Amino acid sequence: MRYALAFVLTVHGLIHLMGFAKAFGYAALPQLVIPISRPMGLMWLLATLLLLAAAVALWVAPRAFWILGAAGIVVSQGVIVASWGDARLGTLANVVVLAAVAYGAFAWGPLGLRADYMRRASIALDGLVAQPPSVITESDLAPLPAPVQRYLRFTGVVGQPRVQSFHVRMNGRIRGAADAPWMTLTAEQYSFFNPPRRYFFMQATRAGLPLDGLHAYAEDGASMRIKLLSMFPVVDLKGPVLTRTETVTVLNDMAIMAPATLIDPAIRWRQIDDQQVEAIFTNGPNEVRAVLVFDATGALSNFWSDDRPALAADGVTLQPQRWSTPVGRYQSQGKYRLASRGEARYAAPGGEYAYAEFDAIEVTAGDAVPRPR
């Protein structure tokens, strides 16, 4: 689709050179009957430059595409109207570009989910306390069950600062049900603690059309919004049930992406056996439970909870189902050793299935957390 749009922009832009050439006498162009003055010829040239710049921006500066495209449409349509009898067919190309510009304005502009995500993350980053956090010691691990202690030593948190925030980038694929087709996925996330806040933004593709999604979790509750073409709502959920559901996700992130936060007194622990513990996490009025499963090396291998229901096909109803996130392929992530691959699974009545697979999970924490861009 990007190549097709670039082709339209390029051809449409170059056609505008005809008006410039006629105005300055560089070519006779008898097919252009209506006279074109030199000032108007410069406007034809400006339309060319703006449309070609928009085509280039599709690759080098996608956030600027819709601005350049909108400016190009305005100038282009202006000169087309001035030479309507000769150039009126150019309006069709402008309609195509306008549709792409409208999508770009919502995808990258100030009213889209991406802009909301960046705004929330920036405010949270600006609110972080500037003082250096205290360092985690062995005495901080002492109250924890033995499997959790082993995991925290395995990940390398001892001797490192307490985590105030972290940022994640990931690739993968996602689907809405066990029998639904997979969609490619790119995502990033900012998480903060004291109090817990989580902002997750994803982009996927369904039937060749882009989907944007924003999961937000903060003091005022949780919300989940998904839009087709960045404009048309597919899912729009919020409320206390979703907030409790997403509280499980926050605990999951703590366990997988920021294990240093497992020393938080908001988590109560119950050891089940040498490789399993139950975590009871409380945040405000929400209390959720999950079981963490560790392997023989001390690494976390799975996390499951009955407190995170699945979203039904209607995009509104939440259905009770066991949720799990098996993880693996541990590797160095800055100062820590963390999982770089994982799945999200539901135990549906028809059988357990993975609805999301994540690869190349990259986590940065502390001073390394980048600004939204």
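The values are calculated or read from the model by the stated rules, or taken from the named source; none is laboratory data. This structure is a prediction, so every number in the text was calculated from the model and none was measured. Using ideal geometry, Cβ is built from the backbone for each residue, glycine included, and neighbour counts are taken over all protein chains shown. SASA here: full protein model, heavy atoms, side chains in, ligands and nucleic acids out. Shrake-Rupley method; radii C 1.70, N 1.55, O 1.52, S 1.80 Å.
Just a few scattered comments:
- Shown in residue order for the stretch 158-170 are the 3J(HN,Hα) couplings computed by the Karplus curve 6.51 cos²θ - 1.76 cosθ + 1.60 at θ = phi - 60°: 5, x, 9, x, 4, 8, 9, 7, 8, 10, 10, 10, 8 Hz (x for Gly and Pro).
- Residue-normalised accessible area of the stretch 71-199, expressed per residue, 1.4 Å probe, Å²: 46
- The simple Förster model, with R0 at 51 Å and r as the Cβ-Cβ distance, assigns residue 296 and residue 4 a FRET efficiency of 0.45.
- Distance from the Cα centroid of the stretch 314-333 to that of the stretch 154-175 is 16 Å (rounded to whole angstrom).
- Residue-span extension gain [residue 337 to residue 282] - 0.36 nm each, minus C-alpha spacing: 17.2 nm
- Each of 31, 340, 195 was scored by the projection of its Cα onto the charge dipole of the chain, and the greatest displacement toward the positive side belongs to 31; charges sit on the C-beta of Lys, Arg, Asp and Glu.
- Note on residue 95 and residue 209: with the Förster distance fixed at 22 Å, the Cβ-Cβ geometry gives a FRET efficiency of about 0.75.
- For the stretch 1-60, the solvent-accessible area of protein heavy atoms averages 57 Å² per residue (probe radius 1.4 Å; ligands and nucleic acids excluded).
- Relative contact order %, the stretch 109-229, counting alpha carbon pairs below 8 Å whose residues are six or more apart: 19
- The angle between the Cα long axis of helix 90-108 and the main principal axis of the chain comes to about 20°, on a 0 to 90 degree scale.
- FRET efficiency for residue 329 and residue 111, using Cβ-Cβ distance with R0 set to 41 Å, rounded to 0.05: 0.60
- Computed Rg/Rh of the stretch 187-275, alpha carbon atoms with Kirkwood Rh: 1.07
- Alpha-carbon gyration tensor eigenvalues x 5, square-rooted, for the chain, Å: 52, 21, 17
- Taking label points 7 Å from Cα along the Cα-to-Cβ direction, residue 275 and residue 359 give a separation of 2.7 nm.
- Rounded if a/c under 1.5, otherwise prolate or oblate - the stretch 126-200, Cα gyration tensor axes: oblate
- Portion, in percent, of the accessible area of the stretch 1-128 that falls on carbon or sulfur, probe 1.4 Å: 76
- Taking the protein heavy atoms of the stretch 178-290 in the context of the full set of protein chains, the accessible area attributed to carbon and sulfur is 54 percent at 1.4 Å.
- Listed peptides 164-177, 198-211 by packing density, highest first (mean Cβ within 10 Å): 164-177, 198-211
- Rounded to whole numbers, the Karplus 3J(HN,Hα) couplings from phi for the stretch 71-84 are 5, x, 4, 4, 5, 4, 5, x, 6, 5, 4, 5, 10, 4 Hz, using 6.51 cos²θ - 1.76 cosθ + 1.60 with θ = phi - 60°, and x at Gly and Pro.
- The gain in end-to-end length when the residue 138 to residue 219 segment is fully stretched comes to 26.0 nm, 0.36 nm per residue minus the alpha carbon separation.
- Atom-type composition of the exposed protein surface of the stretch 305-348 places 49 percent of the accessible area on carbon and sulfur (1.4 angstrom probe).
- Paramagnetic label zone (point 7 Å from Cα along Cα-to-C-beta, residue 313; backbone N under 13 Å) in the stretch 166-188: 176-181
- Spin-label model, residue 194/residue 81: points 7 Å from Cα along the beta carbon direction are separated by 5.9 nm.
- Distance from the stretch 78-99 to the stretch 105-153 (C-alpha centre basis), Å: 50
- Solvent-accessible heavy-atom area per residue, rounded to whole Å², over the stretch 218-311 at 1.4 Å: 41
- Per residue, the average separation of C-alpha pairs within less than 8 Å and at least 6 apart gives the chain a relative contact order of 12 percent.
- Between the stretch 1-63 and the stretch 206-265, the C-alpha centres lie 44 angstrom from each other.
- Residues considered: 246, 219, 362. Largest GNM mean-square fluctuation over the chain, using C-alpha springs under 10 Å, is found at 219.
- Kirkwood hydrodynamic radius computed over the stretch 276-373 comes to 15.6 Å, based on all pairs of distinct alpha carbons.
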